[in-house]
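Working notes for the structure below.
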Amino acid sequence: MNARHAAAALGVITAMAASVFGLTEAKAQNAPPVGCLLVVEPGSSRWTIESYDPYSGQAAYGQFQVTWINQGDKKCMGDAVVRLNGEAYGMRNPAQPSMGVLYYGLVNESTGADITPSTANSGQFNGPQLQVEPGQRVIQTIGLSVDTQNLSGDGLFQQTVTLGMRRRNSVVYEGQADVALAINVRPSAVMGLTGAFQRNNGVAGIELGALSPGRTNDPVNLWVRGTRGYKVTVQSRNMGELRQSSGDWAVPYGLSIGGVPIDLANPVPFQSTPGAGLRNDSYPLVITVGQTAGQRAGRYSDLLTLTLAPM
């Protein structure tokens, strides 16, 4: 090949490269605008208030974060809203439908707006709007509070809702994500005494008076509150005997809870009726003194330890 031919071949290659470059540039210039393209990331598919103890005195409350991401080329602007997905408002226990409904509230802590899907003004806001610029990520904190006044047992109560942003004076929603709102109520119970006793250094003292055979104590009741069935274990330091602090003098006695005798030497736990559901029970504690003949005068005592556990 001579020099003229080589130069001509090189010119063709250069022209082809210029032609391809020009076509690509034209396509980029004619790409349609995207506008607002909002992506909602709730951080987790489930917002759960974990291990809630209804007898702790603590509020059923949790905070969660949602991230708004604008992948478009125009600003996204509106209000964060929460919508129901075709079911009535309220958390339910799918394993125990008869337990009823727990109502809840949702507040956008970043703006102070109530976004509970049941409220009449849900989605009607007068405060500052959520604004997400192109390429921007905006993180907001959502507070979930559950009203446990109607709680009827333990377990997982939940409802799935949809998070999104709605333009004001419009039905158009930008970006949506489902999230399950939930509270996990753990099995729990508390107990105490009512009646004729005195508390000293955290220990309830039941005075039996002058010992004589038979039932001796004034009315004392054991009360129990629980989210389900429970058992009460009783331990006697002296294995069912009232003893003096020194010496071997002892008087046997018996204990019954709600009419059920407890063998203090070989105790078997006292049990409520089994099953789920709240309990509010009261049982008389009755102490029956055995034979006292031949025992030395003095003060006799025993220490009982009652332990409560849900079943």
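The values are calculated or read from the model by the stated rules, or taken from the named source; none is laboratory data. From a predicted model like this one, the values you see are computed outputs, not experimental measurements. No Cβ is skipped: glycine too gets one built from the backbone with ideal geometry, and neighbour counts run over all protein chains shown. These accessible areas exclude ligands, DNA and RNA; they are computed on the full protein's heavy atoms, side chains included. Shrake-Rupley method; radii C 1.70, N 1.55, O 1.52, S 1.80 Å.
Of note:
- Taking Cα centre as origin and charging only the Cβ of basic (Lys, Arg, +1) and acidic (Asp, Glu, -1) residues, the dipole magnitude of the range 41-93 rounds to 160 debye.
- Charge dipole of the chain about the Cα centre (unit charges at C-beta), most positive-ward option of Ala309, Gly57, Gly175: Gly175
- With a simple spin-label model that places each label point 7 Å from the Cα along the Cα-to-Cβ direction, the separation between Asp178 and Asn126 comes to 3.6 nm.
- HN-Hα J in Hz across the range 127-138 - Karplus 6.51, -1.76, 1.60, θ = phi - 60°, x for Gly and Pro: x, x, 7, 6, 10, 10, 6, x, x, 8, 10, 10
- Nearest-20 debye value, the range 148-298 charge dipole, Cβ charges on Lys, Arg, Asp, Glu: 440
- 5 angstrom amide H check on Ile142, placed H, neighbours 5+ away: Phe64, Gln65, Val66, Glu109
- Gyration tensor (alpha-carbon) shape descriptor, the range 240-302, a/c threshold 1.5: prolate
- Sulfur and carbon atoms: percent of accessible area, the range 144-249 [1.4 Å]: 43
- Under the Karplus curve 6.51 cos²θ - 1.76 cosθ + 1.60, θ = phi - 60°, whole-Hz ³J(HN,Hα) for the range 270-279, x wherever Gly or Pro sits: 6, 10, 7, 5, x, x, 7, x, 5, 10
- Accessible area per residue in Å² at 1.4 Å probe, computed on the chain: 56
- Stokes-Einstein D (µm²/s) once Rh is taken as the Kirkwood radius of the range 75-114 over alpha-carbon pairs, at 37 °C in 0.692 mPa s: 256
- For Rg/Rh (Cα atoms, Kirkwood Rh), calculated from these coordinates, the label among (1) 1.06; (2) 1.39; (3) 0.96: (2)
- Sites matching trypsin sites (Lys or Arg not before Pro) across the range 155-237 that sit in DSSP coil, with at most 13 neighbouring C-beta atoms within 10 Å: Arg168, Arg237
- Helix 3-29 vs. the chain, principal-axis angle (Cα, 0 to 90°, nearest 10): 50
- A Cβ-based charge dipole, computed about the Cα centre of the chain with Lys and Arg at +1 and Asp and Glu at -1, lands at about 260 debye.
- Take every pair of alpha-carbon atoms less than 8 Å apart whose residues are at least six positions apart; their mean separation over the length of the chain yields a relative contact order of 17 percent.
- The helix-only estimate of mean residue ellipticity at 222 nm for the chain, built from DSSP H runs of length n ≥ 4 each weighted as -39500 (n - 2.57), is -3000 deg cm²/dmol after division by the residue total.
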